1. Along the stretch 58-66, what does the Karplus equation 6.51 cos²θ - 1.76 cosθ + 1.60 (θ = phi - 60°) give for ³J(HN,Hα), rounded to whole Hz, x for Gly and Pro?
2. Can you tell me how much longer the chain between Gln82 and Leu24 gets when fully stretched, taken as 0.36 nm per residue apart minus their C-alpha distance, in nm with one decimal?
3. Please list, in order along the stretch 149-158, the HN-Hα scalar couplings obtained from phi with the Karplus expression 6.51 cos²θ - 1.76 cosθ + 1.60 (θ = phi - 60°), rounded to whole Hz, x for Gly and Pro.
4. Ordered by residue, what ³J(HN,Hα) values in Hz, to whole numbers, does the stretch 177-189 give under the Karplus form 6.51 cos²θ - 1.76 cosθ + 1.60, where θ = phi - 60° and Gly and Pro are x?
5. With each pseudo-label sitting 7 Å past Cα toward Cβ, what's the Asp112-Tyr147 distance in nm, one decimal?
6. With all pairs of different alpha carbon atoms counted, what Kirkwood hydrodynamic radius in Å does the stretch 133-192 show?
7. Quick query: amide H of Val53 versus all other amide H atoms, modeled in the peptide plane; which residues come in under 5 Å with a sequence gap of 5 or more or a different chain?
8. Using the structure shown, list the pairs from Lys27/Lys184; Lys95/Lys184; Lys145/Lys185; Lys94/Lys129 with a Cα-Cα distance above 23 Å, or answer none.
Amino acid sequence: MPLWNESPNYKSTTNIVMTLLEDLLDKGYCVTLDNIYTSPELAELLLSHRTDVYGTLRPNRIGVPEEIKKGTLKKGEIVGFQKGNICVMKYMDKKPICILSTVHNTVIVEQDKKRKKTHGKSERIVAKKPQAIIDYNLTMGSVYKAYQCLSYYPTVRNQQKKYYLKIFLQILNQSVWNSFVLYKKNGGTMSHLDFRLQLVEELAKIYGESKHSSQNTTSSDRLTGRHFPLHIEPTQKKKAPTKVCQSEV
C-alpha cells in the first residue's frame with residue numbers, strides 16, 4: 001500500500017515529490033531539491049515522514065520570512081531563521097542565494113577554490129560559504145552539468161504544438177546523455193559532440209535506407225549513399241573549398 005496519496009490540499013510540486021519518494025519515506029533518507037520544488041510546506045511534510053531535505057528556495061514561497069524576501073545583504077553576509085528543524089537562510093555571493101535545510105544551520109566554512117594567476121604566479125583562494133551551499137553543490141553539481149550539456153543541443157522548439165512530441169524528444173535527448181555518461185564511465189575518450197556525431201552516423205547506416213523503394217524510381221549512389229559532412233582545410237587558392245560527394249568504386 002502506498003505511503004502517500006495525492007491531496008488537493010497541497011501544491012502540485014509537493015504532491016510530485018511525495019509521490020516519487022513514497023517508497024523511501026520513513027526510512028531516514030535526505031533528499032536534495034532545486035528551487036522548483038523546495039518549500040517550507042514540503043519540508044514540514046517530509047519531516048513528518050522521517051525524511052530530511054535541503055535545497056535552493058524561491059523567496060516568494062509561502063512561509064518564507066519577510067526579511068528573507070526583502071532584506072538586502074552585502075557580499076559574504078548571511079541571514080537565517082529557524083523554525084523547529086527547518087532553517088531558511090539567505091546568502092549573498094555574486095547574487096543572493098536562498099537555501100532551505102532541515103540538516104544545516106547558518107554556519108559558514110572555508111573552502112579551497114581554484115587557483116588564480118596573479119603576476120604570473122598561482123595562488124590558492126579560500127572562499128567562505130555556508131555549509132548548506134557547499135553540500136548542495138556537491139550533490140546537485142552533476143545535475144546542473146547535465147542540464148548545461150543538454151542545453152547545447154535543444155530538441156524542443158517553441159513552434160512545436162504537439163505535447164507528446166516534446167516529451168518524446170526530451171526523453172530521447174536525455175537518453176543520449178545517459179548513454180554518453182555510461183560510455184565515459186567505461187573508459188570512452190570521445191567528447192560529447194563526437195559521441196553524438198558518431199551516433200547519428202551509426203543510426204543513419206542502420207535506418208537511413210528505405211525498405212520500400214519504388215520500382216519506377218531510379219536510385220542514385222549520390223542520394224542513397226552514406227555521406228556525412230567533413231571539414232576541408234583552406235588552400236592557397238580557396239579560403240572555403242567545397243567538394244562534391246562521390247561514391248568510391
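A short reminder: the numbers here are calculations on the coordinates, not readings from a lab. The structure presented is a predicted model; accordingly, all values stated were derived computationally and were not measured. Positions of Cβ are backbone-derived with ideal geometry, glycine not excepted, and every protein chain shown enters the neighbour counts.
1. Along the stretch 58-66, the couplings run 7, x, 8, 5, 5, x, 7, x, 4 Hz.
2. 18.3 nm
3. Working through the residues one at a time gives 5, 6, 5, 6, 10, x, 10, 9, 9, 5 Hz.
4. Values per residue, Gly and Pro as x: 5, 4, 5, 5, 4, 5, 4, 5, 5, 9, x, x, 10 Hz.
5. Distance between label points: 2.9 nm.
6. 13.2 Å
7. Those lying under 5 Å, H to H, from Val53 are Val31, Thr102, Val103.
8. Lys27/Lys184; Lys95/Lys184
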